[in-house]
Amino acid sequence: MLKRLGVMVGTAVATAGLLFASAPSAAADPFFFPRSHHSSLAECRAAGDAGRHLWGVLYLCRPFEGKPGVYVLWTRI
């Protein structure tokens with residue numbers, strides 16, 4: 001029983017490691033989450049300002065890795 005529990009925990013840790021390793025590295029803080037994507041930096045900032053009543057004044061607009069001209073709005077929740 002104890003051996004099976006150890007295998008289950010090891011599998012869960014390995015799976016979590018794979019999930020976090022494949023996550024986008026654009027967020028500067030682990031508490032930022034992608035909210036939406038936009039075609040320009042100005043559009044992304046406008047969406048961030050418009051949603052301040054939902055997520056506050058803290059948000060990031062970062063380029064989407066692998067897609068030039070696309071910006072991702074990262075918000076803190």
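The values are calculated or read from the model by the stated rules, or taken from the named source; none is laboratory data. These numbers were taken from a predicted model, which means no experiment stands behind them. Here Cβ is always computed from backbone atoms with ideal geometry, including for glycine, and neighbour counts include all displayed protein chains.
Here are some notes:
- If the condition is being surrounded by fewer than 12 Cβ atoms within 10 Å (Cβ to Cβ) and over 16 Å from residue 31 (Cα atoms), then the stretch 43-64 contributes 49, 50, 53.
- For the stretch 21-40, the tally of residues that are in contact with a Phe, Trp or Tyr (Cβ under 8 Å, 6 or more places away or on another chain) and modelled with pLDDT of 75 or more stands at 8.
- One residue stands out among those in the stretch 65-77 that are hydrophobic (A, V, I, L, M, F, W, C) and in contact (Cβ under 8 Å) with a residue 40 or more places away in the chain: the one that is surrounded by the fewest Cβ atoms within 10 Å (Cβ to Cβ), which is 77.
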